[in-house]
Structure formats: structure tokens, C-alpha cells
Amino acid sequence: MSRHAKKIELECKIPTVGASASNIVGYATGYDFTYNNGMPIRYVAFPFPVAGQPRSVHKQYVEGKDLLTGKPMMQAIIDGWTKPLVDKEKIKGMPPEAAVEPRLLRPDTEDNLQRLFKDKEWTDYNPIILPTEERVAKMLKGTSHKPDEVIKTINITGGARQLTVEKVAIYAVMAGAKPEYFPLILAVATSAPFGNSTTSMANMIVVNGPIRKQLGMNSGTNAMGPYNEVNSVIGRVFTLMSKPAGDLRNNVNAWESLGNNLQYNNLCFAENEEELPAGWEPLSVQMGFKPTDNVVSVGTGWSYISSLGEAQRNYPPHMLIRDYLRALSAYGSAATIVVDPSVAALLKDVHGFKTKDEFSQYLAQNVEKTAASYWGNGVIATSNTALAIQGLEPYATWKKLPGETLIKPFTNAKAIHVVVAGGKVQTTWFATDFRFGRGVLVDNWK
């Protein structure tokens, strides 16, 4: 919201007032104004919730009072456009409390330092390995990159926050990583911080290539469970780096209403490439990498549905997976299906899906849901209604359909990924709405 308002103010030279639900207006007028805007954006506040309310309630909001000033809503908007800046709005520069943290902390006891890291919200509130200079220096030997090299600059919160190689080494030590894990951790760091919104976002980390076996990652039985050191550590590092790097603090600038338990480990696992049916390519190869490349892919999503297992001949797995996908939002036409090798074998050998792409095409062509269900998802309504109003298809047509009309929401089969993992103990799978960007070459971070 503030980014759009700022763009209109600076680029279009149009006075702008941001509108926010009352539950996060404190962030807009406090943290965002202080650390992030770099200019005064004025706001009005509506009651919460806004989404899901009938039009009559929205009309009452507009005709009612601004929850920030107590003035009639339209008067508050006009005042925001026209009134001169007050002294507080003329303040420039970062506040004193935004001073950069010292590189080194003062010596203290183990218990006190563990408590300090928790009080600063630098951890996931589980015990950490304290990142001493000696331990961090040892971790840095796992890469040829310089400690002060900036991996990325994070602008979503707290201004421009630089994530360096040394900072990532600190988080790697905290999670109990070994130096040989460090190139993979640096590759994951290019996607930091993890997803953060008012909805319950989470992440998925998938590793492909020889590095899976070199590091001893689990791609077989219990690949997605707490039964492997490397899977656990790599997944946890992403959380430990995302919170301080993104300055994510509960009820300050992290306000997911329910949160997501998956953020503790970020669904970190390796694809079971050895058990891929003939013709089924690893996720990384589908993205354009070579089979010998070491690649990590990070996806973001919300929904995760587990099957009950035991695929049946009279209603085979591809039909059940199709049914599961009806419950997903289809945002960006994205889905990621994680299937056990036994399911992959059934799909290929019994049901004729010679490649992952063929299975993705089947899902795109056969998953149907009602128009009402599609537009009833808040993320879809917020993002795609604007596309419909602009006349972009198929959203413009879908918006006009009767609610009970069936549509095919997965318009891009290439955004439906299939990943094989598991130990062939049971014919199970997970249907998720996680969507991936392009994977990252791990060897670039050696």
C-alpha cells in the first residue's frame, strides 16, 4: 500500500492518501512511516475486517468516520490531500533507534546471550549455537566469497537492509550447520526473507543434483519429517536468517493472523531423483538446468493438503490429486504436487503419464471449480479483480459468470510442478499451492 502511494506521489505528482484496515494501520503510521517510507504518506483507517463484508457494510465504512482522526471519512481523505505538512511529517533521516547494531556483542554468559538473542527476536525461540568469531570464521571457510559481499539488499521492511555473506554465516552457525553446507545455505539466502503477509504464507525448499547425496540429505522415507540433520538445519537457517534480515517481528511488521508452522523448517527436502520413472525429469532440469547441476529452488505458498494414502484402482491417484487441487486458490496458476515414488510409478506405468509435463497438462485441463469459489478466495479477489476490470482474459469473462459456472483456473500448466520424494512405503502425496521462481546454482556460492 505505502509503495503504491509513494509511487503515485513521486512519479505522478498526485497527492495520495493510503487506506488501511484498522488492524495494521499502526504499522503504516508507525514502523513504515519511521523506517521505510522516506516521505510522509497519510492514511485513513477502516474497521477490520474489510474482506468478506457485504457491500452495505463497505458503504457504511465510507460514510462513517476515519478511525485515525475521528473525522467523517471523506473529510479525512480531503484533509490528507490538502492540509500542509505538520512538523512530525517534515522529519528527515533515520531515527536514533535505527542505528546499525554493532558487529560484535559484549562477552556474557551462555544463558544471558541465549536470552538476548530471544529478546531481540533473532531466533525461532529454540536453543541456538552462539555465533562466536571463531565459529563464524570456520563457517566462512566453506565459501570463496568475501565476508562483506552483499548477497542482496532487502527493501520490504526497515529500509535497505544488506544481507552479507558474513551475516549468513552467523545464521548458519546458529542453526548448527557445517562449513560444507554453506554454499547451499548461501544459495538459499538469495531468496531471503521468507514470505510474510497477513495471510499464512510458508515456503518450500527443494534440492536437486549430486549435492543431495554429498551432504547426506534425505529424499526417501520421511523426507519431509524431522529425521535428517541436513534437511533440518538448511530449513531452519532460512527461518533464522529471514527474521533479522527482514526485521520481521511479531505485531510490528509480521502480522500473519494464524501464522504457519511450516516456517520452522520451510519444508526443506531433496528430490528422490534415483526413483524418478523413466522420462520424468528432476525439478531443476524442468527449470532448464543440467542433470549434473546442484540446484536449490525456493517456493512460496499457503495451502498444503495431505492424502490419506492407499491409491485405489477404481478412483486412481491422478483423479484424487485433481480433486484436491480444486481446494487451492490457483493464484498464478501455481501448484506443487509432492508424490511418493510409488505414486509416480502408478501415474507413469499404469495411467500413462510419460512425463511430469503430461501430468501437469492433465491437471490444468481437468481441475475445475466454480466461479464463486474462485473469486471467493481473498488473495484471488484482491489480485485478479483488477485484471478483470482492465478487461484482461480470462479474468474479465470469469468475473461475469454466474457463481455456479465451472471454470478451469489453472491456465498455465508449466506453473504446476511435480516433485518426487519418499520411501515407497505408502502411495501418498501432498497437494500444495507453492509456486517457484527459477532455481539457484549452488556451485556459484562455493
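The values are calculated or read from the model by the stated rules, or taken from the named source; none is laboratory data. Computed from a predicted model, the values in this text were never measured in an experiment. Note: ideal-geometry Cβ built from the backbone for every residue, glycine included; neighbour counts use all protein chains shown. Keep in mind that these areas ignore ligands, DNA and RNA; they rest on the heavy atoms of the full protein, side chains included. Shrake-Rupley method; radii C 1.70, N 1.55, O 1.52, S 1.80 Å.
List of remarks:
- Membrane-span-like helices in the chain (whole DSSP H runs, Cα extent of at least 20 Å along the helix axis, mean Kyte-Doolittle hydropathy of at least -0.5): 229-245.
- Net charge, residue 230 excluded, C-beta distance under 12 Å - Lys, Arg +1, Asp, Glu -1: +2
- Where Cα atoms sit under 24 Å apart: lysine pairs in region 162-308 separated by 8 or more or lying on different chains: 5
- Among the listed pairs 118/152; 152/408; 7/408; 152/356; 6/400, those beyond 28 Å (Cα-Cα): 152/408; 7/408; 152/356; 6/400
- Stokes-Einstein diffusion coefficient of region 346-411, Kirkwood radius over Cα pairs, 20 °C, 1.002 mPa s, in µm²/s: 162 µm²/s
- Isotropic mean projected area of the C-alpha convex hull, the chain (nm²): 24.3 nm²
- The calculated Kirkwood hydrodynamic radius for region 183-318 is 16.3 Å, given to one decimal from all distinct C-alpha pairs.
- Set of aspartates and glutamates near residue 414 by C-alpha distance (under 13 Å), chain-local residues within fewer than 8 positions excluded: 357, 358
- Altogether, the Stokes-Einstein calculation at 37 °C and 0.692 mPa s, with the Kirkwood radius of region 274-400 over Cα pairs as Rh, returns a diffusion coefficient of 197 µm²/s.
- For the chain, with all protein chains in place and a probe radius of 1.4 Å, 54% of the accessible heavy-atom surface sits on carbon or sulfur.
- For the chain: accessible area per residue (Å², 1.4 Å): 50 Å²
- Kirkwood-based Rg to Rh ratio, region 371-445, C-alpha trace: 1.12
- Restricting the GluC sites (Glu not before Pro) of region 253-340 to loop positions (DSSP other than H, G, I, E, B) with no more than 12 neighbouring Cβ atoms within 10 Å leaves 310.
- Each DSSP beta bridge with both residues in the chain is either parallel or antiparallel, and the antiparallel ones are about 65%.
- Extension gain, residue 221 to residue 51, is 57.0 nm, computed as 0.36 nm per intervening residue step minus the present C-alpha separation.
- In the chain, taking the dipole from charged Cβ atoms about the Cα centre, the farthest positive-side position among 228, 266, 20 is held by 20.
- Distance cut-off 27 Å, percentage of C-alpha pairs in region 68-218 lying past it: 43 percent
- Under-5 Å amide H pairs with residue 162, H placed in peptide plane, nonlocal only: 154
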